[in-house]
Amino acid sequence: MEIPNGVKVGVAVVALAGAGFFLWKHFSTADGDDTTFTTTPRYFSCTSNHDFTTTAAEMRQISTANAGIMICPECKAPAVEKFKCPKCSKFVDFVGHGQDPTVCPSCKAKLD
Ligand SMILES: [Zn+2]
Ligand SMILES: [Zn+2]
């Protein structure tokens, strides 16, 4: 059966609008400052050493679309989250269980 393209696009737009409305409703009723949460920058390095930054919302989108794995937008390699040093802007590893390092391994600055 032939479906005209216009119809398909129309259906997709309606579906997207529905999803957007649902998300908006969901976040607008959640506690806390969700705008800050979704726009918080998150830093990543992929296994090919590309550094990239996403917002928390983009991170969720990408990882949800890839079975929970964060991937590099450039080469699609798996990526791990990094800590961005406020002094030298290098992406460095978290320590322990996702804690910010107390000293930057790159520039040796003390981090609070
Ligand atoms: Zn990459
Ligand atoms: Zn540093």
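We did not get these values from a lab; they are worked out from the coordinates using the rules stated. Everything numeric in this text was worked out from a predicted model, so none of it was measured. Reconstructed Cβ throughout: ideal geometry from the backbone, glycine too, with neighbour counts over all protein chains shown.
Residues in segment 98-110 carry Karplus couplings, in order, of x, 8, 5, x, 8, 10, 5, x, 8, 10, 6, 5, 7 Hz; the curve used is 6.51 cos²θ - 1.76 cosθ + 1.60 with θ = phi - 60°, and Gly or Pro positions show x.
Within the shell defined by Cβ-Cβ distances under 15 Å, the residues around Gly96 carry a net charge of -2, with Lys and Arg each +1 and Asp and Glu each -1.
Database remark: amide H of Ile71 closer than 5 angstrom to the amide H of Ala79 (H placed geometrically; neighbours at sequence offset of 5 or more, or on other chains; Pro and chain starts carry no H). All other residues whose Cβ lies under 15 angstrom from that of Ala67 are scored, Lys and Arg at +1 and Asp and Glu at -1, for a net of +2.
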